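S.K.: My structure is below; once you've seen it, I'll send some questions.
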Amino acid sequence: MERVTEMVSGRPVVIFSKTSCCISHTVKSLLHDFGVNPVVYELDEVPGGREIETALAMLGRNPVVPAVFIGGELVGGANEVMSLHLQRNLRPMLTRAGAMWV
């Protein structure tokens, strides 16, 4: 758990993903369309990826990826990010986190 906390601290947007996950790709594309440059950790490529998956599962993530953190806080996965976007709450959240400019 500490490792996840360290990986997300001080970064406006962090996505835990897997290279083979099409849903993760969709979330990354949405954020890139906003002009956001998230830090992306591909759990099937980073050392200790399985341990990170376990920590994310302990946070209640099921499925584990994508797991999106904005401003150091776990927002959730694709459903939560898309809901925030449709409710017009994603852009202000990204702005507050310093991930994009108005």
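S.K.: With a 1.4 Å probe and all protein chains left in place, how much of the accessible area of the chain comes from carbon and sulfur atoms, in whole percent? Kindly include the intermediate steps, with their values, before the conclusion.
M.R.: Working: 3060 of 5910 Å².
That fraction is 52 percent.
S.K.: Can you match Rg/Rh (Cα atoms, Kirkwood Rh) to one of these, (1) 0.94; (2) 1.25; (3) 1.17, based on a calculation from the structure here?
M.R.: Answer by label: (1).
S.K.: Kindly provide the helix-only [θ] at 222 nm of the chain, computed as the sum of -39,500 (n - 2.57) over DSSP H runs of four or more divided by all residues, to the nearest 500 deg cm²/dmol? All intermediate terms of the calculation are to be shown ahead of the outcome.
M.R.: Details: 5 runs with 45 residues, N = 102.
Theoretical 222 nm ellipticity from helices: -12500 deg cm²/dmol.
S.K.: Ok, one more. Which whole-Hz couplings ³J(HN,Hα) result when phi for each residue of region 45-52 is put into the Karplus expression 6.51 cos²θ - 1.76 cosθ + 1.60, θ = phi - 60°, listed in order with x for Gly and Pro?
M.R.: 10, 7, x, x, x, 5, 5, 5
S.K.: Starting with the highest mean, order 89-95, 65-71 by the number of other Cβ atoms within 10 Å, averaged over the residues of each peptide. The partial results should precede the final answer.
M.R.: Working: 89-95: 16.3, 65-71: 24.3.
The densest-packed peptide leads the list: 65-71, 89-95.
S.K.: Hey, if you put +1 on the Cβ of every Lys and Arg and -1 on every Asp and Glu Cβ in the chain, which of Leu43, Leu90, Val75 ends up farthest toward the positive end of that dipole?
M.R.: Working it through, the farthest residue towards the positive pole turns out to be Leu90.
S.K.: Among DSSP beta bridges whose residues both lie in the chain, state the antiparallel percentage, nearest 5. List each step's numbers first, then the result.
M.R.: On the way: 7 of 11 bridges.
Roughly 65 percent of the DSSP beta bridges within the chain come out antiparallel.
The values are calculated or read from the model by the stated rules, or taken from the named source; none is laboratory data. All of these numbers come straight from a predicted model, not from anything done at the bench. Don't worry about glycine lacking a Cβ; one is built from the backbone with ideal geometry, like all the others, and counts go over all protein chains shown. Ligands, DNA and RNA are excluded from the accessible area calculation, which covers all protein heavy atoms including side chains. Shrake-Rupley method; radii C 1.70, N 1.55, O 1.52, S 1.80 Å.
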